Number of protein chains: 2
Amino acid sequence: MEKKLKQGLLYDFYGPLLTEHQKHIYELFVYDDLSLSEIADMEGISRQGVGDLIHRCDKALMEYEEKLGLIERFRRNRDRLLKLKDELSDINDKELVDDIIEEL
Amino acid sequence: MEKKLKQGLLYDFYGPLLTEHQKHIYELFVYDDLSLSEIADMEGISRQGVGDLIHRCDKALMEYEEKLGLIERFRRNRDRLLKLKDELSDINDKELVDDIIEEL
């Protein structure tokens, strides 16, 4: 997966666990797609400082996913629901409906 | 909700974010239902120390729920699925099936 996409997804799920400062900088980088230098200029910190902070956020967010696995679970559930949607869309016998109810 | 039930639920969702030591003590208290004194004796720490640790775990777990709201989301989804299950169980017209597919 493209790196910024992956960072955006991790942030969607675990962003609330970062500090306000981390959230602010990480959003500038990932959502607003600013460069490290641009963020450094805006925030009055060094480019290296911004890079370190982003890196620490990446690491923290990935550790949350390793421990809680919400993104993995989300993907699994989405796949299941899409399958269910397919099955429902050509529903035509009672037995299938019973199977689906069972699955729910 | 009865306190230990609530602690068990919080632990089910956010337990992986505690340290190994915290998990061990918290499980003795919440799952095995041992008293603070019993845990203190077993682990060779003071009763007060056990109490403080449990209290810190409670606080951390509740903060995770405040930030991520997984338990709240889980309840909402479960309610939705139960409703869906009800609706599917007396399925009898095409329009309702379409509504359900839309909801999914």
State all residues of the stretch A:14-45 that are touching a helix residue (DSSP H, G or I) at 6+ places or on another chain (Cβ under 6 Å) and more than 14 Å from chain B (Cβ to nearest Cβ); if no residue qualifies, say none.
A:25, A:26, A:28, A:29, A:30, A:34, A:36, A:37, A:39, A:40
Identify the single condition in (1) within 14 Å of chain A (Cβ to nearest Cβ); (2) at pLDDT below 95 that residue B:11 does not satisfy, given that it satisfies every other one.
(2)
Consider the stretch A:12-55. How many of its residues are open to solvent by 20 Å² or more (accessible area, probe 1.4 Å) and closer than 18 Å to residue B:68 by Cβ?
9
Taking residue A:59, is it within 9 Å of chain B (Cβ to nearest Cβ), surrounded by fewer than 16 Cβ atoms within 10 Å (Cβ to Cβ) and at pLDDT 95 or above?
no
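The values are calculated or read from the model by the stated rules, or taken from the named source; none is laboratory data. Small disclaimer: the values here were computed from a predicted structure and weren't measured. Please note: Cβ atoms are built from the backbone with ideal geometry, for glycine as well, and neighbour counts cover all protein chains shown. Ligands, DNA and RNA are excluded from the accessible area calculation, which covers all protein heavy atoms including side chains. Shrake-Rupley method; radii C 1.70, N 1.55, O 1.52, S 1.80 Å.
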